[in-house]
Amino acid sequence: MPRPLVSALAAAMLITIALTGCTQSAAPVTQDSCSGKISKVLLSDDSATKVVSFNAGDVPKIFAVSATPAPTCYYSSSTTAPQDGVEYTTTQRTLLYIGLSDAQVASMVAALRKTVSVAPWSLRYDDGTASPSAAGSPTTSARWYYNFGGKAQDDRGEMGYASMTPVSVGIASQAGLEKPVNVLRIETQLRQVKK
């Protein structure tokens, strides 16, 4: 076989091998740990980010978040800082639910709305009804203040939620999910005088 033909065949084989690796279908993406892609993609910047085991008793009763279903991922962080000569502890908790049914999301959001419908809760913002996002997923979100008008040293807080039913294909892929599923994120923050 002439040398140029051998070189051409070898080059063609190398290209075929290289392209074979590129054209194979990607392996299905599996759910990452709560501290990996999940937290980077599905949590907002102001979320608690320390992964801890879920304990329903850890969520203060004022937020009235149901213990069931248990969140897929649970995050909690706490800071202590002085303000006007008083030491306060501020605790954030984020409950992330991945793969709930439409009915479960609706029920949990309705329960949150019932909790915040009475004083001392007040509205910070509420986007109202579901609206299609650019990716085509219905999204809703809202945030409320707890005891915003209370005395300086009273407990104060916030609670909010964001839901995507379902997340877009792109978000699911970035987060390491196998397919687009419903995602509900509930965030709470409570500031109390340090005891």
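The values are calculated or read from the model by the stated rules, or taken from the named source; none is laboratory data. All of these numbers come straight from a predicted model, not from anything done at the bench. Cβ coordinates were reconstructed from backbone atoms using ideal geometry, including for glycine residues, and neighbour counts include every protein chain displayed. All accessible areas refer to the heavy atoms of the entire protein, side chains included, with ligands and DNA or RNA removed. Shrake-Rupley method; radii C 1.70, N 1.55, O 1.52, S 1.80 Å.
Selection of segment 164-195 for residues being of a type in the set (A, V, I, L, M, F, W, C), over 20 Å from Thr72 (Cβ atoms) and open to solvent by 30 Å² or more (accessible area, probe 1.4 Å) yields only Val193. Residues in segment 136-163 that are over 19 Å from Ser117 (Cβ atoms), within 20 Å of the chain's Cα centre (by Cα) and open to solvent by 30 Å² or more (accessible area, probe 1.4 Å): Gly136, Pro138, Thr139.
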